[in-house]
Amino acid sequence: MLVGTTLPPVAGSLARRDLWLEEAVSEAGREDLPAGMEGREARSGQGAPLVYTRLETGRRPSYLRVLERLFGARRVLRRRDLVLSRAPVLFLMVEEAFLLYVLVGLLRAMLGRRTAGLLFRPRPLAASHRWRYVWRRAVLRRLKRWRAIQTLTLLPFDVFPAFSSVADGWIHDFQLWDLTEEERKAVDVLRDERRTGERRVLTAIGTQNAWKGFELFVDIYARSALLRWSYQFIACGKVMPAAGEHAAVLEEAGGVLVDKALSDAELLGTYAASDAVWCLYPPVGDHATGILGRAVQLGIPVIVRQGSLAHRLCTTENLPHVAASADMVATRLAGPLPPRDAERGRLAALRFAAQSEATLRRALGL
């Protein structure tokens, strides 16, 4: 499953094919997005869009790759270019540079130039009573009067209708529709090589910390002999120091821990080995949909917190999932899981891609 790691028995021959997965992803070069998403040049006559982000960590690199494939977009490093460029500008994460987004958007609007921004965590902006969110909400509402400024959420308004009060529109998180056909085929090959008759695999992917519900993930496994009999719990991703004690408990209970930052190819190998993916995050991590998105694209069911934004998204878009409260998740996992359906995931990704690309083009004036 993963390069240079000790693999659980359920992975079977995945251990011998992880290098092949690296090569498959490398050869694909991420050049081919799902059908209907092929890279195109902007035809506005204003040049390819500029993308602003302070950092290039977390999900940002994968987002930048998609925007480059779709529109030939490039990251802008000098702030003065944000105002002076005739090309449309996209703020990859409005929250990390809110005042800059507002200032640049207004200056560009007065010059007749397009600016768009993505809200990663729209719920507090739309609903929180804290002062820092109240005044930002008021500002975003006024920005909606400017057609040249388009603020978008990464979740549909149907998931949380109040989003429409601070945003002009929405797209689906890029990681719900960014996998290439080559990556899908590589995952399918690895999936087919798994040995049958083993325990089901539930995987917690990404940085392991309180935001990702790692404590609950470990606790239910350590406390339930039934879960240990029917499941192999695997945590793949860097463990934060504060979660070190829980990481030790997971291994003592027979779970598998891969404590490292994963490459893109290793992430795909992890999904290939999974029967379900852990997305049962506490409220503080409720905005995260990247891990969920990749699982959905591959038709893998996700475990989500009852009533969370992730649960609402799964319900709204008819995505395979198991919803449970913290005290009922062990009981829910003891029952049947929705079946993995790769074709269903592929069709969902195509649908998300078509809607999201069209919205982005309108927002950027392409």
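Values in this text are rule-based calculations from the coordinates and carry no lab data. Given the structure is predicted, the values throughout are model-derived calculations rather than measurements. Don't worry about glycine lacking a Cβ; one is built from the backbone with ideal geometry, like all the others, and counts go over all protein chains shown.
Mind listing P(r) for the chain? All alpha-carbon pairs, 20 Å bins, whole percents.
29, 56, 15, 0
For each of MET240, MET328, MET93, count neighbouring Cβ atoms within 10 Å of the residue's Cβ, then give the residues from fewest to most. Intermediate results must be reported in sequence, preceding the final value.
Working: MET240 15, MET328 11, MET93 22.
Placing the least packed residue first, the sequence is MET328, MET240, MET93.
Over the chain, what is the relative contact order in whole percent, taking alpha-carbon pairs under 8 Å and six or more residues apart? If you can, show how the numbers build up before the last one.
Working: 676 pairs, mean separation 69.4, N = 366.
Relative contact order of the chain: 19 percent.
Over region 50-176, what is the relative contact order in whole percent, taking alpha-carbon pairs under 8 Å and six or more residues apart?
Working: 185 pairs, mean separation 26.6, N = 127.
Relative contact order, region 50-176: 21 percent.
Dipole magnitude of the chain about its Cα centre, charges +1 at Lys/Arg Cβ and -1 at Asp/Glu Cβ only, in debye to the nearest 20? Write out the running numbers ahead of the final one.
Numbers: 52 positive and 39 negative charges, 430 e Å.
Once rounded to the nearest 20, the dipole reads 2060 debye.
To the nearest 500 deg cm²/dmol, what mean residue ellipticity at 222 nm is calculated for the chain from DSSP H runs of n ≥ 4 alone, each contributing -39,500 (n - 2.57), summed and divided by the residues?
Working: 15 runs with 157 residues, N = 366.
My calculation for the chain gives -13000 deg cm²/dmol from helical runs alone.
At 7 Å along Cα-to-Cβ for each site, give me the label-to-label distance between GLU343 and VAL249 in nm.
Each label point lies 7 Å from its Cα, and together they span 4.3 nm.
If you line up the long axis of helix 181-192 against the longest principal axis of the chain, both from Cα atoms, how many degrees apart are they, to the nearest 10?
Between the helix axis and the principal axis of the chain, the angle is about 10 degrees.
What is region 50-176 by shape, rounded, prolate or oblate, if you read a ≥ b ≥ c off the alpha carbon gyration tensor as root eigenvalues and call it rounded for a/c under 1.5, prolate for a/b larger than b/c, and oblate otherwise?
On the way: a/c = 1.68, a/b = 1.21, b/c = 1.38.
Since a/c reaches 1.5 but b/c is at least a/b, the shape of region 50-176 is classed as oblate.
Within the chain, how many Lys pairs sit with Cα atoms under 27 Å apart, leaving out pairs fewer than 8 places apart on the same chain?
Working: LYS185/LYS238; LYS185/LYS260; LYS212/LYS238; LYS212/LYS260; LYS238/LYS260.
So the count of such lysine pairs works out to 5.
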